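Q: Here's a structure for you.
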Amino acid sequence: MTLLRAEGLQRSFGGVQAVAGVSFEVAAGELFALIGPNGAGKSTCFNLINGQLRPDAGRVLLDGRDITGLPPRRIWRLGVGRTFQITATFGSLTVLENVQAALLSRQRRLFGLWRSVAAEDPAPALALLARVGMAEQAHRPCGVLAYGDLKRVELAIALANAPRLLLMDEPTAGMAPAERLSLMALTARIARESGIAVLFTEHDMDVVFRHADRILVLDRGRPLAEGRPEEVRADPRVRAVYLGEEG
């Protein structure tokens with residue numbers, strides 16, 4: 001079942017066309033990678049889908065509903081989670097408290113946040129932390145965690161909204177190679193178990209080709225190639241333009 005559909009997205013900044021006629025679909029339980037060289041339009045596409053930018057043309061559909069141009073908070077309320085290239089957690093709060101805060105936000109109970117977190121049943125947050133392998137570190141401050149562990153906490157925070165669609169912007173940036181593959185394997189397992197559609201951008205091609213179900217390659221804002229990893233890897237246009245190979 002298609003969860004996300006982008007139709008003919010276009011966006012210009014002055015005389016520069018950052019995105020030009022980009023269309024794709026992402027199904028429930030699928031990992032879809034959006035890749036390309038710097039300046040290809042990946043971040044602009046992400047921000048068009050997330051509501052941070054409004055397209056000049058085209059539209060974005062979530063489970064058949066037109067969400068084009070809605071503000072990010074409304075899109076989040078509709079079941080779209082997001083992780084960022086630079087982790088965004090409260091360093092002085094514990095791992096558990098960070099996830100509890102996300103759960104309270106989903107329930108629209110952020111008024112009196114600190115009192116609410118202290119009185120909250122920890123079980124739902126601990127269950128989320130167990131899913132990402134962080135339950136044993138629940139009571140450690142986020143500020144002392146290793147970077148790879150912070151990425152897992154951020155994933156738990158995104159899952160607190162029970163998303164139908166998860167947007168992951170450079171999810172493995174700054175991580176060691178083994179940690180990158182481990183995080184994406186975890187993400188893939190959770191996505192398939194829960195039927196979450198995942199759209200991600202990534203520069204590590206090993207991560208992309210191991211874990212993406214399908215890939216869309218952009219070049220200068222335009223679609224260059226789309227298909228399964230083995231099809232994209234074999235495409236001579238991708239090798240020439242993106243991977244820097246000839247032939």
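Q: Quick one: if the Förster radius is 35 Å, what FRET efficiency do GLU230 and GLN10 give, using the C-beta to C-beta distance and rounding to 0.05? Each step should come with its number before you reach the end.
A: On the way: r = 30 Å, r/R0 = 0.86.
The calculated FRET efficiency here is 0.70.
Q: Then there's this: Around THR68, which amide H atoms from residues at least 5 apart in sequence, or from another chain, sit under 5 Å from its own amide H, with H modelled in the peptide plane?
A: So THR68 has HN proximity to VAL60.
Q: With a cut-off of 16 Å, note down the residues of the stretch 36-64 whose backbone N falls inside the zone around a label point 7 Å from the Cα of ARG220 toward its beta carbon.
A: The answer is 36-42, whose backbone nitrogens lie closer than 16 Å to the label point.
Q: Taking 45 Å as R0, compute the FRET efficiency from the Cβ-Cβ separation of ARG54 and GLU136 and round it to 0.05. Show your work: numbers first, answer last.
A: Numbers: r = 43 Å, r/R0 = 0.96.
After rounding, the FRET efficiency stands at 0.55.
Q: Oh, and also: Roughly how many nanometres apart are two label points built 7 Å out from the Cα toward the Cβ at ALA178 and ALA123?
A: In this crude spin-label approximation the distance works out to 3.7 nm.
Q: Would you mind checking the radius of gyration and Dmax of the chain based on alpha-carbon positions, in Å?
A: That works out to 18.4, 63 Å for Rg and Dmax.
Q: If you don't mind, there's one more thing I want to ask. How far apart, in nm, are two points set 7 Å out from the Cα along the Cα-to-Cβ line at MET205 and at PHE90?
A: 4.3 nm
Q: Continuing with the same structure: Estimate the FRET efficiency between ARG237 and GLU193 by the formula 1/(1 + (r/R0)^6), using the beta-carbon distance for r and 30 Å for R0, to the nearest 0.05.
A: Working: r = 35 Å, r/R0 = 1.17.
After rounding, the FRET efficiency stands at 0.30.
Q: What is the chain's relative contact order, in percent, from Cα pairs under 8 angstrom and six or more apart in sequence?
A: Working: 489 pairs, mean separation 67.3, N = 247.
After rounding, I find 27 percent.
Laboratory data are not the source of any read-out in this text; all were calculated from the coordinates shown. Fair warning: this is a prediction, and the values are worked out from it, not measured in the lab. Cβ: placed from backbone, ideal geometry, glycine included. Neighbour counts: every protein chain shown.
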